[in-house]
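First up is the structure itself, then whatever we jot down about it.
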Amino acid sequence: MSSRLIGVGVGPGDPELVTVKGVNALRAADVVVVPVMDSGERGRAEATVLHYVPGGKVVRVVFALNERTDRARREAAWDAAGERVAGLLREYGVVAFATIGDPNVYSTFTYLAQTLVEAVPDVVVETVPGITAMQDLAARSGAVLTEGTEPLTLVPVTAGAAVLKDALAGPGTVVAYKFGRQAGEVAEALWETGRIDDAVWGSALGLPEESVRPAAELDGAPLPYLSTLIAPPRRDGGRGGKL
């Protein structure tokens, strides 16, 4: 029988936002892999998974999740993680990999799956979608992501504040991920493009330390790395005005 690798999105942090299909996949798998930083602290994915499966079924695999500059170190960590998970696939058969958010949106799972397709040629790769941070922030803040014909642009600010500024100058809603370390530049871009008034940001969504605040309160101080921003467009057409 071929082995199966299932990427399961477990949402932004609130255990209640894991889908029924996600919980079933985690419980049906032989083992559940959770990514951890090389410092060893428990991440959001692991904390969420432990609400649904016993700790003895969870395997912690180190990824260089916080490595942005040393490509060789990052690649070495991915290779080592791939080798570890390949061994689990050969031993058990069905391995679930829990990832925050959705496994097909800026997820570590993508790199792992690419590695394992080469290392374990008969592996079948599947994904279970998860609630994303922008969906959770929209619900917690009351922000409407899109109306009618509005486009939606998702930007990782790790690509540079200039990319965000270009998006803000365009139409529709702009969502920014991973902007905490560049909060000052993000605030400046919002003011320059006239998008500050209705924009909101949030971090640690669904966790005790959750923060959901108007973007106008950004003062340039660094924020948690996984902060999320929603900047809606001006909507002056009344109900249905964007149809």
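The values are calculated or read from the model by the stated rules, or taken from the named source; none is laboratory data. Bear in mind the structure is a predicted one, so any value in this text is a computation, not a measurement. Counting neighbours? That spans all protein chains shown, and the Cβs are built from the backbone with ideal geometry, glycine included. What goes into the accessible areas is simple: the full protein's heavy atoms, side chains included, and nothing from ligands, DNA or RNA. Shrake-Rupley method; radii C 1.70, N 1.55, O 1.52, S 1.80 Å.
Structural remarks
- Counting the residues of the stretch 141-196 that are small (Gly, Ala, Ser), crowded, with 16+ Cβ neighbours inside 10 Å and free of Cβ contacts under 8 Å to residues at least 24 places away in the same chain gives 1.
- Extreme residue, nearest to residue 176 (Cα to Cα), among residues of the stretch 106-134 that are of a type in the set (Ser, Thr, Tyr) and in a helix (DSSP H, G or I): 108
- Scanning the stretch 70-105 for residues that are of a type in the set (A, V, I, L, M) and either part of a helix (DSSP H, G or I) or in contact with a Cys (Cβ under 9 Å, 6 or more places away or on another chain) (or both) returns 72, 76, 77, 80, 81, 85, 86, 88, 89.
- Subset of the stretch 1-40 that is among the polar types (S, T, N, Q) and open to solvent by 20 Å² or more (accessible area, probe 1.4 Å) - its residue that is farthest from residue 203 (Cα to Cα): 2
- Condition met for residue 149 (among the hydroxyl-bearing types (Ser, Thr, Tyr), within 30 Å of residue 19 (Cβ to Cβ) and assigned to a loop (DSSP other than H, G, I, E, B)): yes
- The stretch 212-230, subset over 19 Å from the mean Cα position of the chain (by Cα) and surrounded by 19 or more Cβ atoms within 10 Å (Cβ to Cβ), residue modelled with the highest pLDDT: 215
- Every pair of residues 6+ apart whose Cβ atoms lie under 7 Å, when the first sits in the stretch 113-134 and is under 26 Å from residue 153 (Cβ atoms) while the second is open to solvent by 70 Å² or more (accessible area, probe 1.4 Å) and part of a helix (DSSP H, G or I): 128/21
- Neighbours by Cβ (under 7 Å, 6+ apart or cross-chain): first from the stretch 217-243, more than 21 Å from residue 165 (Cα to Cα); second modelled with pLDDT under 85 and open to solvent by 40 Å² or more (accessible area, probe 1.4 Å): 241/235; 242/235
- Exclusive hit being under 30 Å from residue 230 (Cα atoms), open to solvent by less than 70 Å² (accessible area, probe 1.4 Å) and at pLDDT 95 or above, set 108, 127: 127
- Flag for residue 209 being part of a loop (DSSP other than H, G, I, E, B), open to solvent by 50 Å² or more (accessible area, probe 1.4 Å) and free of Cβ contacts under 8 Å to residues at least 12 places away in the same chain: yes
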